[in-house]
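My questions will all concern the structure given below.
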Amino acid sequence: MDPQLIAQAVALLRAGQLVVFPTETVYGLGANALDPAAVERIFTAKGRPPTSPLIVHVAGVAMARSLALVWPETAEKLAEHFWPGPLTLVVPKRPVICDRITAGLPTVGLRMPRHPVALALLREAGFPIAAPSANPFTRLSPTTAAHVRESLGSSVALVLDGGPCEVGIESTVLSVAGPEPVLLRPGMITREQIEAVIGPVLLAAEAPPGAAHLAPGQHPRHYSPRTPLTIAGQDALPAQGRGVFLFWSKPASASKSILLPKDPSECAARLYGLLHELDGQGWDWIAVEPPPLGPEWQAIQDRLRRAAALGSASLN
Ligand code: TXA
Ligand code: MG
């Protein structure tokens, strides 16, 4: 990426503007995390409710420590192992992180992305960048610059184009703010991979109640295409209308069928791009075969369940 473009992006962020940048997971809608007025613009541009906290992107562990009130041993180990990469660590926040970013929670989600453009931007800026996925609220996350331009278009000052995202779905979110680590959002870094580094991790449903384990913004109506999406086998497809069937094991005879990658990483990288594409083709429905089982498919299962929850015309 042209260093002049990075410099321009940093100047815009410094001036309180929004800049879209690529990460290895999805594109982010970024603002200077230390500028509350700029952070406010993110909520306006996305139509995001104030109850949904933002992830703060950092250039490294030193910057993370400067924002965390407590930086636990578990965070240190996980950052050493998985950063830069698709793992967000929720830790107690310092006052320099405003309540708007964290939706009033005493914790903040921190992540060091590994996309070279994101890293160049963070290093050049020298300040943390708050960034949710760069899509309107409840819609599919963008994995290309073109997806961003289609949906957010004019509300951002600059879109940095870093090509298609390599991971393709949002980061794993893990809280290390309480006595036990809790997995708040599954991602391509799995619970098993995390447990190999720090020992047992609870799922959000297993965690005792308490602020350290809250996961607001985990809207059931998330990550959805506009076309109604259902999860169904090839013998249970919608009877009405013209649709597309996405499958791993067996195509359907009555409709257009598309084979999904059998490798979970390849499938994650392809999923949102494919749904964006199909969304523009005017189908009446999209049906997806129930995804394969196993820990490495958990994030894809989660995103498809959420996509299906909004996949009805009445919810729009
Ligand atoms: O891969 C990603 O994480 C992308 C890229 C841009 O980095 N970002 C992303 O941000 O997915 P967003 O805003 O779409 O998702 C943020 C989610 C929140 O909805 C919430 O579930 C969780 O991360 N989160 C953030 N801060 C939190 C906190 N303090 N406590 C609990 N959950 C938090
Ligand atoms: Mg999002």
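What is the log10 of I(q)/I(0) for segment 1-76, computed with the Debye formula using one identical point scatterer on each Cα and no solvent, at q = 0.15 Å⁻¹?
The Debye formula, applied to the Cα set alone, gives -0.63.
In Å², what does the accessible area per residue of the chain work out to with a 1.4 Å probe? Write down the numbers at each step before the final one.
Numbers: 12850 Å² over 316 residues.
Ligands and nucleic acids excluded, the result is 41 Å² per residue.
In addition: Please give the helix 36-46 orientation as an angle from the longest Cα principal axis of the chain, in degrees from 0 to 90, rounded to the nearest 10.
0 degrees
Helix-only estimate, please: 222 nm mean residue ellipticity of the chain, summing -39500 (n - 2.57) across DSSP H runs of length 4 or more and dividing by its residues, to the nearest 500. Could the numbers behind the result be given before it?
Working: 10 runs with 98 residues, N = 316.
Helix contribution divided over all residues of the chain: -9000 deg cm²/dmol.
Another question, then. Can you compute 3J(HN,Hα) from phi for each residue in segment 151-161, using the Karplus curve 6.51 cos²θ - 1.76 cosθ + 1.60 with θ = phi - 60°, rounded to whole Hz and x for Gly and Pro?
Taking θ as phi minus 60°, the curve returns 9, 9, x, 7, 7, 10, 6, 7, 10, 7, 8 Hz for segment 151-161.
Once you sort the root eigenvalues of the Cα gyration tensor of segment 74-198 as a ≥ b ≥ c, which label holds: rounded (a/c under 1.5), prolate (a/b larger than b/c) or oblate (the other case)?
On the way: a/c = 1.72, a/b = 1.45, b/c = 1.19.
Note, shape of segment 74-198 comes out prolate.
A follow-up question, please. Which of the three applies to segment 77-128, rounded, prolate or oblate, going by the alpha-carbon gyration tensor with a ≥ b ≥ c and a/c under 1.5 meaning rounded? Show your work: numbers first, answer last.
Values: a/c = 2.55, a/b = 1.42, b/c = 1.80.
Oblate.
Something else about it: On a 0 to 90° scale, report how tilted helix 116-125 is relative to the longest principal axis of the chain, with both axes built from alpha carbons and the result rounded to the nearest 10.
Once rounded, the angle reads 30 degrees.
To continue, here is another question. I'd like the orientation of helix 3-14 relative to the chain: the angle between its Cα long axis and the longest Cα principal axis, in ° from 0 to 90, rounded to 10.
Between helix and principal axis, roughly 70 degrees.
Among all the lysines, which ones have a C-alpha under 25 Å from Lys77's C-alpha, if same-chain residues fewer than 8 places away are not counted?
Excluding near neighbours in sequence, the set is Lys93.
Ratio to report: Rg/Rh of segment 229-307, with Cα atoms as the point set and Rh obtained by the Kirkwood method; give two decimals. Write down the numbers at each step before the final one.
Working: Rg = 11.9 Å, Rh = 12.7 Å.
Radius of gyration relative to Kirkwood radius: 0.93.
Excluding Ile42 itself, what net charge comes from residues whose Cβ is under 10 Å from its Cβ, given Lys and Arg +1 and Asp and Glu -1? Please report the intermediate quantities before stating the final value.
Numbers: positive: Arg41, Lys46, Arg48, Arg100; negative: Glu40.
Once all neighbours under 10 Å are counted, the net charge is +3.
Taking the highest mean first, how do the peptides 244-252, 110-118 order by number of other beta carbon atoms within 10 angstrom per residue?
Per-residue Cβ counts within 10 Å, averaged per peptide and sorted highest first, yield 110-118, 244-252.
Continuing with this model, one more query. Based on the Kirkwood radius over alpha-carbon pairs, what value in µm²/s does the Stokes-Einstein equation return for the translational diffusion coefficient of the chain at 37 °C and 0.692 mPa s? Kindly include the intermediate steps, with their values, before the conclusion.
Numbers: Rh = 19.9 Å.
Translational D for this selection: 165 µm²/s.
The values are calculated or read from the model by the stated rules, or taken from the named source; none is laboratory data. These numbers were taken from a predicted model, which means no experiment stands behind them. All Cβ positions, even for glycine, are placed from backbone atoms using ideal geometry, and neighbour counts span all protein chains on display. SASA here: full protein model, heavy atoms, side chains in, ligands and nucleic acids out. Shrake-Rupley method; radii C 1.70, N 1.55, O 1.52, S 1.80 Å.
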